[in-house]
1. Report yes if Tyr206 is at pLDDT below 90 and buried (at least 23 other Cβ atoms within 10 Å of the Cβ), otherwise no.
2. Given the condition at pLDDT below 75 and at positive phi, answer yes or no: does some residue in the range 211-231 qualify?
3. Under 6 Å by Cβ, and 6 or more places apart or on different chains, what pairs join a residue from the range 1-12 that is among the polar types (S, T, N, Q) with one that is crowded, with 19+ Cβ neighbours inside 10 Å and in a loop (DSSP other than H, G, I, E, B)?
4. Does Asp70 qualify as being of a type in the set (D, E, K, R), in contact (Cβ under 8 Å) with a residue 60 or more places away in the chain and closer than 20 Å to Lys25 by Cα?
5. Name the residues in the range 1-46 that are among the aliphatic types (A, V, I, L, M), over 36 Å from the mean Cα position of the chain (by Cα) and more than 18 Å from Leu86 (Cβ to Cβ), would you?
6. Report, by residue number, each residue of the range 271-314 that is out of contact with any helix residue (DSSP H, G or I) (no Cβ under 9 Å at 6 or more places or on another chain), over 29 Å from Ser325 (Cβ atoms) and either among the hydroxyl-bearing types (Ser, Thr, Tyr) or crowded, with 18+ Cβ neighbours inside 10 Å (or both).
7. Being in a helix (DSSP H, G or I) and of a type in the set (A, V, I, L, M) is the filter here; which residues of the range 51-87 pass it?
Amino acid sequence: MNISIITDAWHPQVNGVVHTLNKTKDLLEKRRHKVQIISPNLFKTIPCPTYPEIKLALLPSRKIKKLLADFQPDAVHIATEGPLGLAARNLIVKKGLSYTTSFHTKFPEYIQKLPEGGQNVIGILYGQDNEFSKECVIIEAHHDHLGDGFVGASDNAAGVAILLEIARIFAKKKTNRSLLFACFDAEEQLLTIKGKQQMMYGASYYIDNPVFDLKKTVSMLTLDTLGRNNLQNLILILGSERSLFIQDIIYECSTDLRKILFSIDKLTGLKGNYIPFIEKKIPSLFISNGMHQDYHSKNDTEEKLQYELLIQDIELISELIYAISNSNKKLDFCKNPICPKSEVEDILYLLRLLQELVWQNKGSAEQFNYIINKLEDKPSRNDLKQAVQIILGFMTPNFAKFYLLLNDAQIAEKRKEYSLALNHYQEIITLYDQYRIPYVWIQAIKDKITKLEERIH
């Protein structure tokens with residue numbers, strides 16, 4: 001067979017479309033078909049305004065007609081909707097011939113050119129539900145790194161790889177809401193934009209030039225610094241304190257909450273592309289395996305990645321995305337940190353965690369059992385007051401640190417190692433890592449306890 005493929009994207013471009021078409025051509029020729037590629041290389045061209053690497057053919061109709069007439073194709077495939085693709089379609093339709101096609105929608109929007117020379121790359125899987133498909137969930141991983149000499153395997157090649165794998169998974173799944181996969185640029189670099197220094201510029205540029213209406217963007221997940229972990233294979237989630245609904249989803253999705261370390265950005269010092277979205281009151285998560293000894297150094301190389309950890313990350317993140325995109329509930333945004341339980345349930349939850357913390361101390365354990373039984377029944381004001389006093393006593397950082405170090409020398413040694421590697425995680429690690437107490441919940445509970453104590457008095 002003689003097969004003509006008409007495409008506005010071809011060598012020397014390097015992208016998925018060109019790679020796919022080139023592979024298709026090779027396979028067809030191996031099966032002894034003759035393949036004609038009609039590409040911009042055969043025409044006078046101008047650069048595409050939003051993507052200069054793409055060359056747009058000028059007035060191609062006459063030459064396309066001659067090329068097709070000379071080749072006499074048995075089948076025609078129109079691969080793109082640019083000048084070549086549209087001209088070829090018009091010619092074929094006029095002759096009443098058949099053809100196959102594939103095309104991109106909103107192509108200029110998918111390739112967003114940043115003023116400072118960066119580039120955002122975006123792909124969309126549209127939702128299947130008539131109502132919710134107009135809403136979207138953004139999954140994002142920045143594709144830039146610190147510059148020459150830096151590999152950025154964990155930060156953030158691993159994040160991009162996970163994003164691509166998740167996109168592949170969801171290409172075979174149906175979701176109610178649309179999924180927008182984005183690789184934002186200029187996350188790491190400190191740029192001067194209109195006289196102001198700015199990081200996370202690619203994300204901010206998207207905020208100003210959204211593909212989906214921001215009011216229809218129900219959630220955003222940033223994948224950053226993954227595949228290496230000094231936190232016993234924990235996955236760190238920042239931003240969950242902004243949404244009661246997302247906290248509930250995390251509960252539902254995670255078969256083992258002990259694998260998740262919840263925190264807030266003030267305690268970690270971590271910044272990411274989720275921040276501009278939070279500023280727009282969009283419930284957003286920063287998902288990471290935390291900093292490591294090679295973070296932001298030239299030693300962040302591929303051979304140091306932990307691939308079992310990457311698989312664990314993919315499984316959890318995929319579950320989160322699926323649950324968020326298919327939920328019929330409206331996602332909330334909370335300005336102040338919140339907790340997913342009622343006040344008494346909050347206190348009970350924290351009591352049980354602290355009970356685990358001090359299980360070796362028989363007297364303390366009995367004290368906890370007594371007050372927990374009281375709260376599980378019909379707690380009085382005095383019961384609540386007593387619970388508050390117990391919690392505040394055990395929540396004192398110096399006491400908690402002393403208690404942990406006193407009871408387990410091995411824990412003390414591990415914590416010493418962690419603290420050396422991750423200085424600004426020190427407080428979280430020292431107090432809460434071993435027993436997986438979600439710090440953001442503790443903060444929220446402490447605020448509620450303070451208010452409750454005031455009412456009790």
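1. Judged against the criteria, Tyr206 is not a match.
2. no
3. Asn2/Pro73; Ser4/Pro73; Thr7/Ser39; Thr7/Ala79; Thr7/Thr80
4. Numbers: of a type in the set (D, E, K, R): yes; in contact (Cβ under 8 Å) with a residue 60 or more places away in the chain: no; closer than 20 Å to Lys25 by Cα: yes.
It is false that Asp70 is of a type in the set (D, E, K, R), in contact (Cβ under 8 Å) with a residue 60 or more places away in the chain and closer than 20 Å to Lys25 by Cα.
5. Correct list: Met1, Ile3, Leu28, Val35.
6. If the condition is that a residue be out of contact with any helix residue (DSSP H, G or I) (no Cβ under 9 Å at 6 or more places or on another chain), over 29 Å from Ser325 (Cβ atoms) and either among the hydroxyl-bearing types (Ser, Thr, Tyr) or crowded, with 18+ Cβ neighbours inside 10 Å (or both), then Ser297 is the only one that fits.
7. At the first step, the residues of the range 51-87 found to be in a helix (DSSP H, G or I) are 61-71, 83-87.
The answer is Ile64, Leu67, Leu68, Ala69, Leu84, Leu86, Ala87.
The values are calculated or read from the model by the stated rules, or taken from the named source; none is laboratory data. Every value quoted in this text rests on a predicted model; they were computed, and no experiment measured them. All Cβ positions, even for glycine, are placed from backbone atoms using ideal geometry, and neighbour counts span all protein chains on display.
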